[in-house]
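The values are calculated or read from the model by the stated rules, or taken from the named source; none is laboratory data. Everything numeric in this text was worked out from a predicted model, so none of it was measured. Here the Cβ positions follow ideal geometry from the backbone for every residue, glycine too, while neighbour counts run over all protein chains shown.
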Amino acid sequence: MTVPNGRDAERGRPATRGEFAALARIARRLPAAPDGQVWIGDDAAVLGPVEGGLLFTTDMAVAGVHGDLGLMGLDDFGWRALTAAISDIAAMGGRAGHAVVAVAAPPTTDLDRLYDGLAASSLAHACPIVGGDLSGCGSVVVAVAAVGTAGPTGTEPGPVLRGGARPGDSLFVTGPLGASAAGLRLLRASVGAEAPAGDETTALVQAHRRPLARLDEGAVARRAGASAMIDVSDGLAADLGHLADASRVGVALDSVPTAPGATLDEALGGGEDYELVIATPEPDAMVRAFTAAGLRPPALIGHCVDDPSVRTVAGSPLPVVGWEHPFA
């Protein structure tokens with residue numbers, strides 16, 4: 001299958017290879033976080049007390065890897081680059097603060113259009129861009145660093161990490177999945193032909209070109225006692241696996257909410273939906289909190305189990321799908 005970033009997913013790579021194995025090796029070469037902080041290994045670093053610290057994250061968008069400029073404008077590419085970083089703040093239950101953006105690009109690049117998209121995403125997520133850098137390069141690269149906060153000490157729960165889920169916790173997702181991957185599929189199919197029409201098609205294409213980070217949902221989930229959380233950027237199966245690994249639990253899914261016009265395969269492995277997966281020991285309280293905040297209630301998709309080797313959906317093995325950069 002294909003994923004929204006335009007390349008085929010890396011399936012079944014040996015445990016000692018691939019992006020996640022490379023990150024684990026890198027982490028072993030870096031200093032450990034001091035007590036009370038979280039550094040490499042979660043969606044964002046927590047600097048200062050976990051109960052109310054500063055969140056700090058970075059993300060990179062490379063043309064041809066994280067977006068096909070033949071299927072979207074430079075403004076869409078800029079929007080997506082900032083959204084991806086802000087989604088890491090959302091996955092910790094944080095409020096977005098500020099961002100800096102570094103761009104490397106060929107001299108003929110329409111920087112005005114690229115920054116139109118960055119500025120629009122900045123406005124939509126209430127995360128001002130306060131600085132950055134500019135350099136020449138053979139392709140368009142956008143690197144974003146963003147900060148946020150999650151819960152003043154003593155008044156609210158602190159940031160939600162990946163590793164807090166426990167057996168018996170319910171698993172929710174904040175919305176249907178697969179829309180971005182389906183939008184990419186439709187865009188690829190329409191190249192050189194008349195563009196498809198219809199509200200459903202428009203929504204799927206928009207989901208691919210201009211996704212939104214779920215900041216409000218993440219903050220509500222944190223305040224409602226979420227035990228663990230992660231955003232769906234690499235695909236539900238892959239990202240749920242990260243949460244399960246960090247929490248040392250297994251996961252048993254009953255169903256996967258799929259966006260209208262998307263396939264189950266796209267919902268499980270497509271990625272870049274930026275919905276949030278939430279684990280909680282209090283499922284009723286979580287739904288009530290979303291309803292009270294005027295948000296769409298999250299969808300219950302399953303629960304955590306004791307055996308970390310369990311990864312199932314509707315009783316069958318959860319497919320090994322999703323995006324992973326192929327490092328040696």
Over segment 50-89, the set of residues closer than 19 Å to Glu324 by Cα, aliphatic (A, V, I, L, M) and touching a strand residue (DSSP E or B) at 6+ places or on another chain (Cβ under 9 Å) is Met60, Ala61, Val62, Ala63, Ala81, Ala84, Ala85
(1) assigned by TED's automatic domain parsing to the domain that holds Phe77; (2) surrounded by 23 or more Cβ atoms within 10 Å (Cβ to Cβ) all hold for Ser135 apart from (2)
Output for Cβ contacts, cut-off 6 Å, separation at least six or different chains, first residue at negative phi and surrounded by fewer than 24 Cβ atoms within 10 Å (Cβ to Cβ) in segment 253-275, second modelled with pLDDT under 95 and not in a helix (DSSP H, G or I), reads Asp265/Met1
(1) at pLDDT 95 or above; (2) farther than 26 Å from Gly183 by Cβ all hold for Phe77 apart from (2)
It is to be established whether one or more residues within segment 82-101 are out of contact with any Cys (no Cβ under 7 Å at 6 or more places or on another chain), surrounded by fewer than 17 Cβ atoms within 10 Å (Cβ to Cβ), at pLDDT below 95 and not assigned by TED's automatic domain parsing to the domain that holds Leu204. yes
- Task: Kindly establish whether Ala124 is outside the structural domain of Pro298 (by TED's automatic domain parsing) and under 30 Å from Pro283 (Cα atoms).
- Result: yes
Counting only residues that are part of a strand (DSSP E or B) and more than 18 Å from the chain's Cα centre (by Cα), segment 99-127 contains a total of 6
Scanning segment 76-98 residue by residue, the ones that are assigned to a helix (DSSP H, G or I), touching a helix residue (DSSP H, G or I) at 6+ places or on another chain (Cβ under 9 Å), over 14 Å from Arg222 (Cβ atoms) and not polar (S, T, N, Q) total 8
Of the residues in segment 17-40 that are among the β-branched types (Val, Ile, Thr) and touching a strand residue (DSSP E or B) at 6+ places or on another chain (Cβ under 9 Å), the one that is modelled with the highest pLDDT is Val38
- Does Leu55 satisfy being at pLDDT 70 or above, farther than 18 Å from Ile129 by Cβ and hydrophobic (A, V, I, L, M, F, W, C)? no
(1) outside any loop (DSSP other than H, G, I, E, B); (2) modelled with pLDDT under 95; (3) under 17 Å from Thr83 (Cα atoms); (4) not assigned by TED's automatic domain parsing to the domain that holds Gly117 all hold for Thr201 apart from (3)
Check whether at least one residue in segment 304-327 is surrounded by fewer than 18 Cβ atoms within 10 Å (Cβ to Cβ), under 16 Å from the mean Cα position of the chain (by Cα), part of a loop (DSSP other than H, G, I, E, B) and on the phi < 0 side of the Ramachandran plot, and report yes or no. yes
| said: Can you confirm whether Ala213 is touching a Ser or Thr at 6+ places or on another chain (Cβ under 9 Å), within 22 Å of Val100 (Cα to Cα) and not in a helix (DSSP H, G or I)? | reply: yes
